[in-house]
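Chemist: Please read through the structure below; I'll follow up with questions.
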Amino acid sequence: MSRPEFQIRKGLRQQLLALIKKRAHLVNPVRAVEVTNDPGGNVFVACADAAFANYLMTGTLGHFPSFWKNTKVVISREFLNPVAPHFVS
């Protein structure tokens, strides 16, 4: 979250991470998937699938399909603008 392209001020970044920690739940994917151009990215899709996630946030959209089942793959800005616009400067 401290990457310059996120443009999230330090104090707000800490609040966002606290919010994510409070709302997060751990998942253990039960099945492997092979849908990305980057084999290392498949585990993130498998986790999103196991969590029935609405969004999968990535910095490399080109490695992922636009959607996996009901999970939309987005960049951070696309996720943060509607979900937490006050965190973005």
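What follows is calculated from the coordinates using simple rules that are stated; it is not laboratory data. Because the structure is predicted, anything quoted here is derived from the model rather than measured. All Cβ positions, glycine included, derive from the backbone under ideal geometry; neighbour counts span all protein chains shown.
Chemist: What net charge do the residues around Ala48 carry, taking every other residue with its C-beta under 13 Å from that of Ala48, with Lys and Arg at +1 and Asp and Glu at -1?
Modeler: Its environment carries a net charge of +2.
Chemist: Helix 42-51 against the longest principal axis of the chain: what's the angle in degrees, Cα atoms only, rounded to the nearest 10?
Modeler: Its long axis makes an angle of about 80 degrees.
Chemist: Kindly identify the stretch 25-83 as rounded, prolate or oblate by the Cα gyration tensor criterion: order the square roots of the eigenvalues as a ≥ b ≥ c, call it rounded if a/c is under 1.5, otherwise compare a/b with b/c, prolate if a/b is larger, else oblate.
Modeler: oblate
Chemist: Let me ask you something else. Set Lys and Arg Cβ to +1 and Asp and Glu Cβ to -1, take the dipole of the chain about its Cα centre, and tell me which of His63, Val43, Gln7 lies farthest positive.
Modeler: Sorting the options by dipole projection puts first Gln7.
Chemist: In addition: Pull out the extension gain between Arg3 and Phe52, defined as 0.36 nm times the separation in residues minus the alpha carbon to alpha carbon distance; nm, one decimal.
Modeler: 14.9 nm
Chemist: I would also like to ask the following. Once every DSSP H run of n ≥ 4 in the chain is given -39500 (n - 2.57) and the sum is divided by its residues, what mean residue ellipticity at 222 nm do you get, rounded to the nearest 500 deg cm²/dmol?
Modeler: Mean residue ellipticity, 222 nm, calculated: -11000 deg cm²/dmol.
Chemist: Which of rounded, prolate, oblate describes the stretch 2-46, given a ≥ b ≥ c as roots of the alpha-carbon gyration tensor eigenvalues and a/c under 1.5 marking rounded, otherwise prolate only if a/b is larger than b/c?
Modeler: Verdict is oblate for the stretch 2-46.
Chemist: Using +1 on the beta carbon of Lys and Arg, -1 on that of Asp and Glu, and nothing else charged, what's the dipole of the chain about the Cα centre, debye to 20?
Modeler: Using only the charged Cβ atoms, the result is roughly 480 debye.
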